[in-house]
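Note sheet for the following structure.
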Amino acid sequence: MPKSVRAENISRILKRIMKSPVSRVELAEELGLTKTTVGEIVKIFLEKKIIVEEKDSPKGVGRPTKSLKISSNCAHVLGIEVTRDEIAACLIDASMNILAHEAHPLPSQSDREETLNVMYRIIDRAKDMMEKLGSKLSALTVAAPGPIDTERGIIIDPRNFPLSQIPLANLLKEKYGIEVWVENDADMGAVGEKWYTKRDDSFAWILTGKGIGAGIIIDGELYRGENGYAGEIGYTRVFNGNEYVFLEDICNENIVLEYIRSMGFSSLTEARDSGDIRVRKYFDDIARYFSVGLLDLIHLFGISKIVIGGFFKELGENFLEKIKIEVETHLLYKHSVDISFSKVQEPVIAFGAAVHALENYLERVTTS
């Protein structure tokens with residue numbers, strides 16, 4: 001449902017203050033809002049103790065200005081990333097400081113009950129940590145492979161995934177009494193990249209692992225598409241020499257590692273550093289297939305910045321250069337394209353999920 005003008009203004013002002021301290025005058029100028037509108041919304045933020053106001057040191061003649069900043073202790077939120085192999089979590093305060101993060105492997109072929117129990121233990125530890133600090137856990141977001149029904153908080157049906165088709169958001173909300181959202185993992189990776197690196201442009205963040213997907217940021221905002229699954233480049237159809245298959249069926253982590261082992265290598269690192277011409281040719285093939293999905297993103301969304309996260313980072317700089325060559329060779333017309341590996345070392349998807357929970361929680365508090 002589209003936001004009202006007032007709700008949209010609240011969201012824009014909140015996100016701008018989350019980005020960095022800013023004065024009322026700067027808010028009005030940057031966002032194109034009247035001083036009255038800014039003043040009314042800032043008053044609500046102050047009354048609900050979401051932000052604090054601090055005097056700045058004067059830069060010249062005149063009275064010092066006052067900057068608005070998020071109150072670190074107004075919320076503590078948890079981001080959880082669920083994969084087929086592990087669950088990772090990131091706990092942050094309202095200033096997006098990481099308070100704790102952890103990852104726990106899941107048993108092979110883990111069922112629904114086992115997966116939920118690991119998740120419950122992680123959430124319980126976060127709640128206990130907050131209680132010891134005299135605070136509480138405010139909200140959480142679960143990031144998982146898509147497709148996702150974000151309205152109902154349900155993971156629809158990714159292949160071989162134990163938490164499909166259950167009302168996960170409602171289940172966790174009833175158990176813990178907090179706000180819960182369920183989101184696509186690649187989307188949350190893009191959100192994590194955006195906020196961790198403080199970028200506010202348009203880019204696609206690519207998740208590479210057991211599956212392949214993309215989170216798309218347009219002018220600083222997450223783009224989902226009409227049906228909520230924009231960026232599912234893993235389902236790009238490519239020709240493997242015999243038939244058309246999905247991109248992620250020939251480029252996913254399991255397939256790559258299995259092929260590496262078939263060549264006699266015990267690890268990806270050993271194969272990558274071996275100098276073996278077979279490995280180089282295989283990586284070139286993967287880069288060629290992968291570039292098809294990237295070209296689709298570039299041509300369909302007009303994006304010229306691509307950030308690659310996850311498993312493909314381990315394939316090395318030569319692999320990245322091959323991707324760049326393939327993309328530049330087949331562009332609609334020659335223009336600058338920036339393709340890079342993500343430099344974020346923290347659990348970027350879990351961090352993005354936590355930031356998503358923070359944004360949504362603060363908006364709800366403000367508009368309630």
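The values are calculated or read from the model by the stated rules, or taken from the named source; none is laboratory data. Nothing here was measured: the structure is a model prediction, and the numbers come from that model. Note that we place each Cβ from the backbone using ideal geometry, even for glycine, and neighbour counts take in every protein chain shown. All accessible areas refer to the heavy atoms of the entire protein, side chains included, with ligands and DNA or RNA removed. Shrake-Rupley method; radii C 1.70, N 1.55, O 1.52, S 1.80 Å.
Residues are listed down the side, and each one gets a yes or a no for (1) farther than 24 Å from Ala139 by Cα; (2) assigned to a helix (DSSP H, G or I); (3) open to solvent by 80 Å² or more (accessible area, probe 1.4 Å):
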{"residue": "Ala7", "(1), (2), (3)": "no, yes, no"}
{"residue": "Val25", "(1), (2), (3)": "yes, yes, no"}
{"residue": "Glu54", "(1), (2), (3)": "yes, no, yes"}
{"residue": "Leu68", "(1), (2), (3)": "no, no, no"}
{"residue": "Leu78", "(1), (2), (3)": "no, no, no"}
{"residue": "His101", "(1), (2), (3)": "no, no, yes"}
{"residue": "Gln109", "(1), (2), (3)": "yes, no, yes"}
Which numbered condition in (1) open to solvent by less than 60 Å² (accessible area, probe 1.4 Å); (2) closer than 26 Å to Leu294 by Cα; (3) not in a helix (DSSP H, G or I) is the only one that Asn160 fails? (1)
Being closer than 21 Å to Leu106 by Cα and open to solvent by 20 Å² or more (accessible area, probe 1.4 Å) is the filter here, so list the residues in the range 168-183 that pass it. Leu171
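For the range 307-339, give me the residue count where each residue is of a type outside the set (D, E, K, R), free of Cβ contacts under 8 Å to residues at least 60 places away in the same chain and either in contact with a His (Cβ under 7 Å, 6 or more places away or on another chain) or open to solvent by less than 30 Å² (accessible area, probe 1.4 Å) (or both).
Of all residues in the range 307-339, those of a type outside the set (D, E, K, R) come to 307-312, 315-316, 318-320, 323, 325, 327, 329-333, 335-337, 339.
Applying the additional criterion that residues be free of Cβ contacts under 8 Å to residues at least 60 places away in the same chain yields 315-316, 318-320, 323, 325, 327, 329-333, 335-337, 339.
If we keep only those that are either in contact with a His (Cβ under 7 Å, 6 or more places away or on another chain) or open to solvent by less than 30 Å² (accessible area, probe 1.4 Å) (or both) too, we end up with 315-316, 319-320, 323, 327, 331-332, 337, 339.
Residues flagged as of a type outside the set (D, E, K, R), free of Cβ contacts under 8 Å to residues at least 60 places away in the same chain and either in contact with a His (Cβ under 7 Å, 6 or more places away or on another chain) or open to solvent by less than 30 Å² (accessible area, probe 1.4 Å) (or both) within the range 307-339 amount to 10.
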Please indicate, with yes or no, whether at least one residue in the range 274-295 is open to solvent by 50 Å² or more (accessible area, probe 1.4 Å), closer than 27 Å to Ile80 by Cβ and touching a helix residue (DSSP H, G or I) at 6+ places or on another chain (Cβ under 9 Å). no
Matching residues in the range 234-257 (closer than 26 Å to Ile154 by Cβ and open to solvent by less than 10 Å² (accessible area, probe 1.4 Å)) number 2
For the range 184-203, state whether one or more residues are open to solvent by less than 10 Å² (accessible area, probe 1.4 Å), assigned to a strand (DSSP E or B) and within 20 Å of Val344 (Cβ to Cβ). yes
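Could you go through the range 206-216 and let me know if any residue there is more than 18 Å from Thr83 (Cα to Cα), touching a strand residue (DSSP E or B) at 6+ places or on another chain (Cβ under 7 Å), not basic (Lys, Arg) and not in a loop (DSSP other than H, G, I, E, B). Write out each step before concluding.
Initially, the range 206-216 is screened for residues more than 18 Å from Thr83 (Cα to Cα), giving 216.
Add one more test, that the residue is touching a strand residue (DSSP E or B) at 6+ places or on another chain (Cβ under 7 Å), and what stays is 216.
Subsequent filtering for residues that are not basic (Lys, Arg) retains 216.
Now drop any that are not not in a loop (DSSP other than H, G, I, E, B), which leaves 216.
Within the range 206-216 (the criterion being more than 18 Å from Thr83 (Cα to Cα), touching a strand residue (DSSP E or B) at 6+ places or on another chain (Cβ under 7 Å), not basic (Lys, Arg) and not in a loop (DSSP other than H, G, I, E, B)), the answer is yes, since at least one residue qualifies.
Being under 21 Å from Ala143 (Cβ atoms), within 17 Å of the chain's Cα centre (by Cα) and open to solvent by less than 20 Å² (accessible area, probe 1.4 Å) narrows it down to one of Ile212, Ile218, so name that one. If you could, list the steps in order and put the result at the bottom.
Numbers: Ile218 fails: open to solvent by less than 20 Å² (accessible area, probe 1.4 Å).
After applying the criteria, what remains is Ile212.
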Answer yes if at least one residue in the range 120-130 is assigned to a helix (DSSP H, G or I), of a type in the set (Val, Ile, Thr) and modelled with pLDDT of 95 or more, and no otherwise. yes
Restricting the range 80-99 to residues that are of a type in the set (Asp, Glu) and open to solvent by 40 Å² or more (accessible area, probe 1.4 Å), the one modelled with the highest pLDDT turns out to be Glu86
